[in-house]
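Worksheet: one structure, shown below.
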Amino acid sequence: MSISPSIEQYNRAKVWSLLKNLVALTYVFAAYIFGIALLFVQPWWGNLLGVLLTAHSLLIASVFIHEFIHSSVFKSRSLNVFWGRVMMHLNGACYATWSQIYEHHINHHVQITDFIPFDYASVKNWSPWLRKTIQTLEWLYIPAFEYLIRLDVITSPFTNPKNRHLRVRTLFIFTYRAALFVLLALVSLKAFLLYTLAYFCFVSMMRLVDTFHHTFEYTVQGQTPVKRDRIYEQKNTFSNVVSVRYPWLNLFYLNFGYHNAHHYNMRCPWHELPQLHNSVFGEASGNYGEAAGNFISFWQMFATYHKFRAARVGPNQGEVYTRDGGFSMENFMGALGVSFLTPP
């Protein structure tokens, strides 16, 4: 009995999808291992390549965490959870549990809001030296505010009674990761400093796109979000691809920039997002159909990220839509502390 063409095409598509994921996952581990090895070599160009490869492997590992959250890699949920946890230990997101990261991000889709650990409007009430220090570090492109949020994740089991059961787990993770970093520093202080630089680069590259993905209203953890519809979701979601002319360059972020398409169908795998975007919003040329204007070029994004890098620390979130309803990238300050890697 012959297999029908539709079933055969479906099976071929599933195999092809699996192969793409396996190639990308292999790259993550190969780039991570080879990148760290290059941090020890003598030539400066080898060190530079090592920093770039290490940072990019951590970046792609983060995008894969996002894919595993949506179960878009493997059919088996347990496999998605297992490899999601592996990626979390690879890029340092492991201080949060898988369930925390999963629930935080899925709630972001379902509730159509960004959950934050504290009201960012309170930043203006911080002591002047602390606020100025963080703003100065951000001006120097050091992602200090992101590390502040990560510190909150690490200390939460010791400051929040609801998370007391995670204290032993947190201490274990902190001990083994600290031991690895101390060992790295003892073997080569240069390699340790270069890895620190690579990690700064990874956080900054990840935050560059996260900053401009949404203009959702914030919801402080514990508060009830305002109910929103899909029209609000698409209107306040922005896509920031690396290149329209050369789509293959978007693989640098594993197509993470096709964010309107992702919010249209959050189960769509990374390698099908360009096709989904084109079929729903039209060809990727800045015309997003009903989401017209929600396209941000890479250079626009980088220029605005640079412009507001210090002012972004605080409650003054920029407006996107001007009074006449048009798009104003100049007023899009962007957001901080809304990464799916740091659940409040």
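Please treat every number below as a calculation from the coordinates, not as lab data. Note that the structure is a prediction, hence the values are computed from the model and not measured. Cβ placement follows ideal geometry from the backbone for every residue including glycine, while neighbour counts extend to all protein chains displayed.
For residue 169, put the label point 7 Å out on the Cα→Cβ axis and report which residues of the stretch 118-153 keep their amide N under 19 Å from it. Hits in the stretch 118-153 for residue 169 at 19 Å: 150-153. Can you tell me how much longer the chain between residue 97 and residue 20 gets when fully stretched, taken as 0.36 nm per residue apart minus their C-alpha distance, in nm with one decimal? Residue separation times 0.36 nm, minus the Cα-Cα distance, leaves 25.0 nm. Coupling constants for the stretch 98-112 follow from the phi torsions by the Karplus curve (6.51 cos²θ - 1.76 cosθ + 1.60, θ = phi - 60°), and in residue order they are 4, 5, 5, 5, 4, 5, 4, 6, 5, 5, 4, 6, 6, 7, 6 Hz; glycine and proline get x.
Each of 271, 96, 142 was placed along the dipole of the chain (beta-carbon charges, centred on the mean Cα), and the one lying farthest toward the positive end is 96.
As a test of the formula, what do you get for the chain when each DSSP H run with n ≥ 4 contributes -39,500 (n - 2.57) and the sum is divided by the residue count, at 222 nm and rounded to the nearest 500 deg cm²/dmol?
Numbers: 12 runs with 191 residues, N = 344.
My calculation for the chain gives -18500 deg cm²/dmol from helical runs alone.
Of the three principal axes defined by the Cα atoms of the stretch 31-84, the extents in descending order read 44, 13, 10 Å. Using the Karplus relation 6.51 cos²θ - 1.76 cosθ + 1.60 with θ = phi - 60°, the per-residue 3J(HN,Hα) values for the stretch 169-186 come to 4, 5, 5, 5, 5, 4, 5, 6, 6, 5, 4, 5, 5, 5, 4, 4, 5, 5 Hz, with x marking Gly and Pro. Annotation: average projected area of the stretch 94-225 is 9.7 square nanometres, based on the convex hull of Cα atoms across all directions. Compute a Gaussian network model of the chain, connecting alpha carbons closer than 10 Å, and tell me which residue from 255, 236, 163 fluctuates the most. In the Gaussian network model the winner is 163.
In the structure shown, do any of 132/307; 132/227; 124/307; 75/227 have a Cα-Cα gap over 28 Å, and if so which?
132/227; 75/227
In sequence order, the stretch 118-134 has phi-based couplings of 8, 6, 5, 5, 6, 4, 5, 9, 5, 4, x, 5, 5, 4, 5, 4, 5 Hz under the Karplus curve 6.51 cos²θ - 1.76 cosθ + 1.60, θ = phi - 60°, and Gly or Pro positions carry x.
State the percent of C-alpha pairs, over all pairs in the chain, separated by a distance greater than 30 angstrom. In whole percent, the share of Cα-Cα pairs in the chain beyond 30 Å is 38. With the alpha-carbon atoms of the stretch 1-107 aligned to their principal axes, the span from lowest to highest coordinate is 63, 34, 17 Å, starting with the largest.
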